[in-house]
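Reviewing the structure listed below.
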Number of protein chains: 2
Amino acid sequence: MAIITIIGAGMMGSALAFPARENGHEVRLVGTHLDRDIIAHCRQTGSHPKFDRPFPDGVKFYDVEDADSAISGCHFVICGVSSFGVEWFSENMLPRIPESTPVLAVTKGLFDLPDGTVKTFPDYWREEAGKHGRKPDINAIGGPCTSYELVAHDHSHVTFCGRNPETLRFLKSCLSTDYYHISLSTDVTGVECAVALKNGYALGVALSIGANRKVFGDDTLHYNSQAALFGQSVEEMRRLLRLFCGNDAALSVGAGDLYVTVYGGRTRLVGILLGEGLTIDEALERLQGVTLESLVISKRVYAALRRRFAEEEIAARFPLLAHVSKLIAGEQAPIPWDAFTSEKFN
Amino acid sequence: MAIITIIGAGMMGSALAFPARENGHEVRLVGTHLDRDIIAHCRQTGSHPKFDRPFPDGVKFYDVEDADSAISGCHFVICGVSSFGVEWFSENMLPRIPESTPVLAVTKGLFDLPDGTVKTFPDYWREEAGKHGRKPDINAIGGPCTSYELVAHDHSHVTFCGRNPETLRFLKSCLSTDYYHISLSTDVTGVECAVALKNGYALGVALSIGANRKVFGDDTLHYNSQAALFGQSVEEMRRLLRLFCGNDAALSVGAGDLYVTVYGGRTRLVGILLGEGLTIDEALERLQGVTLESLVISKRVYAALRRRFAEEEIAARFPLLAHVSKLIAGEQAPIPWDAFTSEKFN
């Protein structure tokens, strides 16, 4: 039996308490300063307010002030903060975690760098800790997995990535169940980029749902146009992976994650409204409370490209990303279908 | 204005009459010996029996006996026969078409060869014609496009592939509309393999819909497991493209086509029933009249692999294809989730 400390009581971090506790481990779920109401609710009811199934018996709940005792003696820490909490985790939590205690992050996203490349969160955390002479063992989870379906025991297949195969195998041995299937990879940059890139593209595919609803007044059929945008997304994600990571080995992880995000995520709702012709401000007003995480990631990918290429070149090489970026920036424009066609002659 | 002769009055061939005729071309739709009722219906009503929108005014209808006069003077021929009509087209129609008249085939599929590779239909037709000293100019259409959505003027993006860029540009100029978007490629083998391979995998992804229906008794959520199988499909399609074509450049065409087939195709229905636990015979009995095209293609891909690899090696390298092949062969087995997990360490 291991002791597993989860920091961040959002949906994804909390969902991992299910396989962890069902496997018989001690699970300590620590809310951040933003999670006080959630932790209070969990303590009182044994359930997370967003899930319709109670936690397995025995999960322990902590407020952020008790993080030290929650971390003490644990075998690894799951970082469940959102991408907006990455700096907070770096400054407030990482220094409390012994270097020998692995961290497994579910936080998805990346930073854009001045040189036109991107930085993954594991790299960011390692670098920040390095400034204080520390070398944390940071690992991350990528791949298609929505929290509520994990809680429902749907079959899910994710990839744990990190630098140390032995750590990865240990993490897998603790969390793998008959419904939570885990691949392992040392390609941290590839996996993390692939799952971050899918955000803008999920919005892009959903545009066609809104656009067709506007034209045809219904929600039937229209898979041709979704499929066209899905294929275009896979093509552009491949180009971006090659650009940012030097190879596209993680493309299938990104394609799977794109698929689930088109259907299961909130990004879909933004895409549909933009496709119907609303501006980004109107769409966000309509969707009060929706997370903007995916919009931030899309903006960062575009910002990285802008440091490397002129606008016209981005529009030529990544026309769907360029279109989505325009819409997010407040412009309105029809889907540039003809920009997706190409001539590939040997 | 060009003259365009479509041979085969099935759904996809007939659907192409819409962009062709809307662009002002003369369109001659020729039914095969299996299409007599369809052609009679078209003549009488101006509509194809499977479409809820009538043909554009002026489409001309021919029975197979009048194929010669339909071909006479045309600028290109669209081959709209199903994969079961490939030999028939080769023996009965191709010899009537002048070598200088391009053929554009919508027929999807491939043959397995004794050496463990596969042959595309364009290659088959070229080789058969070559035996009689003829060199037809064969081109093909790949990519996600269901006929009824094309007829509904949904935005669709396909790839025309062939050996001659000038021919491809001419075909595109005749058929491209503001809703039918066309890329061009000389990578015939890659495009044709990609769109053929997606058949078994569409069935594979749909398995999870049936399996979840059985476990949870409903059709809600469950995108994690679909996404896991979708990602696995993209990964295996990439491996197969590298194996059969030496490169995976057409992967995004295959991914888009897989997406539309999971949703818009009849293969989905077979996959759901198999996922619910029916045998292939029970599923086919339930779906009287469903085309078996996709099952035939899946069997051929597996047969090609079997000439090259032992069963165990196929199960290790292509576990989803191996599983689908088992089900199609009449066996029953649960989805082999753990076979999809991998370790990728540098």
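The values are calculated or read from the model by the stated rules, or taken from the named source; none is laboratory data. Computed from a predicted structure; not experimentally measured. No Cβ is skipped: glycine too gets one built from the backbone with ideal geometry, and neighbour counts run over all protein chains shown.
For every residue, the table says whether it meets (1) more than 19 Å from the chain's Cα centre (by Cα); (2) within 22 Å of B:Pro334 (Cβ to Cβ); (3) small (Gly, Ala, Ser).
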{"position": "B:Thr167", "(1), (2), (3)": "yes, no, no"}
{"position": "B:Phe170", "(1), (2), (3)": "yes, no, no"}
{"position": "B:Ser185", "(1), (2), (3)": "no, no, yes"}
{"position": "B:Val195", "(1), (2), (3)": "no, no, no"}
{"position": "B:Val215", "(1), (2), (3)": "yes, yes, no"}
{"position": "B:Asn224", "(1), (2), (3)": "yes, yes, no"}
{"position": "B:Leu229", "(1), (2), (3)": "yes, yes, no"}
{"position": "B:Leu241", "(1), (2), (3)": "no, no, no"}
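Being of a type outside the set (D, E, K, R), surrounded by fewer than 19 Cβ atoms within 10 Å (Cβ to Cβ) and in a helix (DSSP H, G or I) holds for only one residue in A:Leu284, A:Leu320, and it is A:Leu284. The number of residues in the stretch B:323-341 that are surrounded by fewer than 16 Cβ atoms within 10 Å (Cβ to Cβ) and hydroxyl-bearing (Ser, Thr, Tyr) comes to 0. Given the structure, is B:Val234 assigned to a helix (DSSP H, G or I), within 7 Å of chain A (Cβ to nearest Cβ) and modelled with pLDDT of 95 or more? In short, yes. Within the stretch A:301-308, not a single residue is under 19 Å from A:Thr267 (Cβ atoms), of a type outside the set (A, V, I, L, M), within 14 Å of chain B (Cβ to nearest Cβ) and touching a residue at least 40 places away in the same chain (Cβ under 8 Å).
Restricting to the stretch A:333-343, name every residue that is part of a loop (DSSP other than H, G, I, E, B) and more than 15 Å from A:Gly204 (Cβ to Cβ).
A:Thr341, A:Ser342 - these are the residues of the stretch A:333-343 that are part of a loop (DSSP other than H, G, I, E, B) and more than 15 Å from A:Gly204 (Cβ to Cβ).
Taking the stretch A:210-260 as the range and being surrounded by 22 or more Cβ atoms within 10 Å (Cβ to Cβ), among the aromatic types (Phe, Trp, Tyr) and free of Cβ contacts under 8 Å to residues at least 40 places away in the same chain as the test, the residues that pass are A:Tyr223, A:Phe230. Of all residues in the stretch B:151-170, exactly one satisfies the criterion of being in contact with a Phe, Trp or Tyr (Cβ under 8 Å, 6 or more places away or on another chain), surrounded by 23 or more Cβ atoms within 10 Å (Cβ to Cβ) and touching a residue at least 60 places away in the same chain (Cβ under 8 Å), namely B:His157. Taking the criterion of being polar (S, T, N, Q) and either out of contact with any strand residue (DSSP E or B) (no Cβ under 8 Å at 6 or more places or on another chain) or more than 7 Å from chain B (Cβ to nearest Cβ) (or both), the residues of the stretch A:207-231 that qualify are A:Ser208, A:Asn212, A:Thr220, A:Gln226. Checking the stretch B:176-188 against the condition returns a match, with at least one residue being in a helix (DSSP H, G or I), touching a residue at least 60 places away in the same chain (Cβ under 8 Å) and over 15 Å from A:Thr341 (Cβ atoms).
Would you mind finding the one in A:Ser82, A:Ser147, A:Ser176, A:Ser183 that is away from chain B (no Cβ under 14 Å) and of a type in the set (Gly, Ala, Ser)?
After ruling out the rest, the residue left standing is A:Ser82.
Evaluating B:Asp52 against the criteria (1) touching a Pro at 6+ places or on another chain (Cβ under 7 Å); (2) farther than 28 Å from B:Leu110 by Cα leaves one unmet condition, (1).
Has the stretch B:14-30 got any residue that is free of Cβ contacts under 8 Å to residues at least 60 places away in the same chain and out of contact with any strand residue (DSSP E or B) (no Cβ under 6 Å at 6 or more places or on another chain)? Yes, there is a match, as at least one residue in the stretch B:14-30 is free of Cβ contacts under 8 Å to residues at least 60 places away in the same chain and out of contact with any strand residue (DSSP E or B) (no Cβ under 6 Å at 6 or more places or on another chain).
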